Each structure stands twice: as structure tokens, then as C-alpha cells.
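Structure record follows, encoded as C-alpha cells.
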Amino acid sequence: MAKIQWYPGHMNKARNQLEDKMSLIDVLVEVLDARIPQSSRNPMIEDLVGDKPHLIILNKADLADPTMTKLWQKKLTGKGKFVMAMDSLHSNNMQVLVRMIKNAANEKIKQREAKGATNPIIRIAVAGVPNCGKSTIINRLVGRNVAVVGNKPGVTKGQTWLKTQSNIQILDTPGILWPKFEDQDVGYKLAAFGAIKDTIFSADDVALFLLASLRKNYLADLVRFTRSTKDRVEKINNTDLLLALTEEYGMRDDYDRFSLYLLQRLRKGKVGRITLDRL
């Protein structure tokens, strides 16, 4: 299997810009994909946040394994770290998120109130890997479509300060990956859920990785999706299964086409509520 890596120049620029702005930030909001909460954690963001309050959003929780999401919430919560799961695409009630932001910034709020400020402004940065739903969350907080939303990674290219009606100012940042994936499984998981451009990797490699993961942890979902039998899916190897499914779905020997179809179905939750990062 080929190595996966994607770190275009604008990501390095965005990382440097975020570092420059951190002195202005009260709370760093990091948006993770609830289906890969570990793999979608950018180690550079962890370095940048330092001792500032850190709010972690497990987004797309409606598409993730609910049992695993609860376990990840517990694991990621700690001193100065606040964690919530959400479905930003369908949630119009953002007051829970606003309350968590204000709770995370409580110390800063008290300091400013002690100096005479009334309803002090809270400044947050919203960061995350590409295609994690960051722009959707920002639009919900602001109350209108100000951040560009797309289903392709790399849509947001610049950094912008946005105002909300909750005394929160938001620094919108582009999706940022990191220069090298030490564990190639991380690259495959990010690719599977759309954080890496589909043109960067071989779809069949990622599909084979996905089939192996599904057979291990979500066999029933795989059987249902493939309209096959448990006995057949268990006995056939991943390559033969991919080839067989390509033919059965009417794509003859175009297994690259079926691989992309499988990944698209996975991303939309049509394979099942899947979490690839296990605890």
C-alpha cells in the first residue's frame, strides 16, 4: 500500500498564522471527526494550545458509533479540556456549545469583569482537519452563512474574525493537517472520511484498509451493506471481496470506481455508524 501524505503550502501558512494569533485567543476550539477522534487530532494544535482552555468537539456524532463516542468523550476530557459530541449539520440549537465556550473561558471572564468589563468579549479560534464540519459549526454560531462550507477538503484558505450575538468573536482557520503521518493508518483513516483530497491517494488501497477494519469491528454492518452473508464475507479475503463487490455493483472490473463509491457511502453513513479509532 502506498504512503499517504498531504501538506500543501497554505496549511503551513495557516499554522503559522494561528500561532501568531494565539496570544489573542481565550479558548481554542478543536473540531474532530467523531468517527476518527484520535486520527483527526492534529498534534500541532495540541502544541499550540499550551495551557489555554481547550474545547474539543466530536462532530458528526450522528454518523459515529455512539458507544465509542461516549468512551472517547471520557478519554479526552481532562484538566482544561472540555469535550462535547454534536451533529453540527442538523443542530440549530447552539446554546449548549455557547455555554461550554463560556464555561471554558470562565476564568478570563471573571478577570475582565473584575476590571469593570460588562459582558466581556470571548475570543476563540476554531481549528481542525479539513472537512471536519468546522465551517458549519461557525455558521451556526454566527447565525448566517459566513464561512464557506464544502464537502471537499481545503475550501477555507484564509483566516477571518467573525462576530456572534453571544459576545463571542471567532477566528476561522483553514483545515490544517501536519507534515508527516508517523502511523500510516492515520493517513488511511483521514482519507476514508474525506480529510484528504481523493486525488492524493489510491482509492482501492483505502477501500482495502476499510474492508479489513469493517470485517474486524463492524461485520454485521458490512454484511448488510454488501447484501451478502456473514459466512461469505468472513471467508473471502479483502482483495477478492473488493473485486466481487465491484462486479456485483455493476462496475465490471473498475474497482477504483467502486472503491470511491464505497468511501462516499461510508462518509454519508450509509455503511453504518462507524468509528474506526477504537479504544
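The values are calculated or read from the model by the stated rules, or taken from the named source; none is laboratory data. Just so we're clear, the structure is a prediction, and the values are computed from it rather than from any experiment. Positions of Cβ are generated from backbone atoms using ideal geometry, with glycine treated the same way; all protein chains shown enter the neighbour counts. Surface accessibility is based on the protein's heavy atoms, side chains included, excluding ligands, DNA and RNA. Shrake-Rupley method; radii C 1.70, N 1.55, O 1.52, S 1.80 Å.
Shape call for region 154-279 from the C-alpha gyration tensor, a ≥ b ≥ c root eigenvalues: rounded (a/c under 1.5), prolate (a/b greater than b/c) or oblate? Prolate.
Across the chain, the mean sequence separation of Cα contacts (distance under 8 Å, 6 or more residues apart), normalised by length, yields a relative contact order of 23 percent. Evaluate the Debye formula for the chain with equal point scatterers sitting on the alpha carbons, no solvent, and hand back log10 of I(q)/I(0) at q = 0.12 Å⁻¹, in q order, two decimals. Log-scaled intensity ratios, in q order: -0.75. Taking the protein heavy atoms of region 202-268 in the context of the full set of protein chains, the accessible area attributed to carbon and sulfur is 46 percent at 1.4 Å.
Rounded to the nearest whole Hz, the Karplus-based 3J(HN,Hα) values (6.51 cos²θ - 1.76 cosθ + 1.60, θ = phi - 60°) of region 50-58 follow the sequence x, 9, 6, x, 10, 9, 9, 9, 8, with x at glycine and proline.
Each of Thr239, Leu262, Ile124 was scored by the projection of its Cα onto the charge dipole of the chain, and the greatest displacement toward the positive side belongs to Ile124; charges sit on the C-beta of Lys, Arg, Asp and Glu.
What size of dipole, in debye to the nearest 20, comes out for the chain about its Cα centre when the only charges are +1 on Lys and Arg C-beta atoms and -1 on Asp and Glu C-beta atoms?
Numbers: 44 positive and 30 negative charges, 202 e Å.
Dipole magnitude for the chain comes out near 960 debye.
For the chain, the antiparallel share of DSSP beta bridges with both residues in that region comes to about 20%. Shown here for region 226-279: trypsin sites (Lys or Arg not before Pro) in loop regions (DSSP other than H, G, I, E, B) with at most 16 other Cβ atoms within 10 Å, namely Arg227, Arg252, Lys268, Lys270, Arg278. Overall size of region 202-268 from C-alpha positions, given as principal axis extents largest first: 25, 22, 18 Å.
Between region 30-89 and region 172-241, the C-alpha centres lie 21 angstrom from each other.
A simple packing score, the average count of other Cβ atoms within 10 Å per residue, orders the peptides 30-36, 237-243, 122-128 as 30-36, 122-128, 237-243, with the highest score first.
In the frame of its principal axes, region 1-43 has Cα extents of 43, 26, 12 Å, reported largest first. The value of relative contact order for region 9-172, using C-alpha pairs under 8 Å at least six residues apart, is 25 percent.
Per residue, how many Å² of accessible area does the chain show with a 1.4 Å probe?
Values: 13570 Å² over 279 residues.
Roughly 49 Å² per residue, with all protein chains present.
Shape verdict for region 1-138, please, from the Cα gyration tensor: rounded (a/c under 1.5), prolate (a/b greater than b/c) or oblate. Verdict is oblate for region 1-138.
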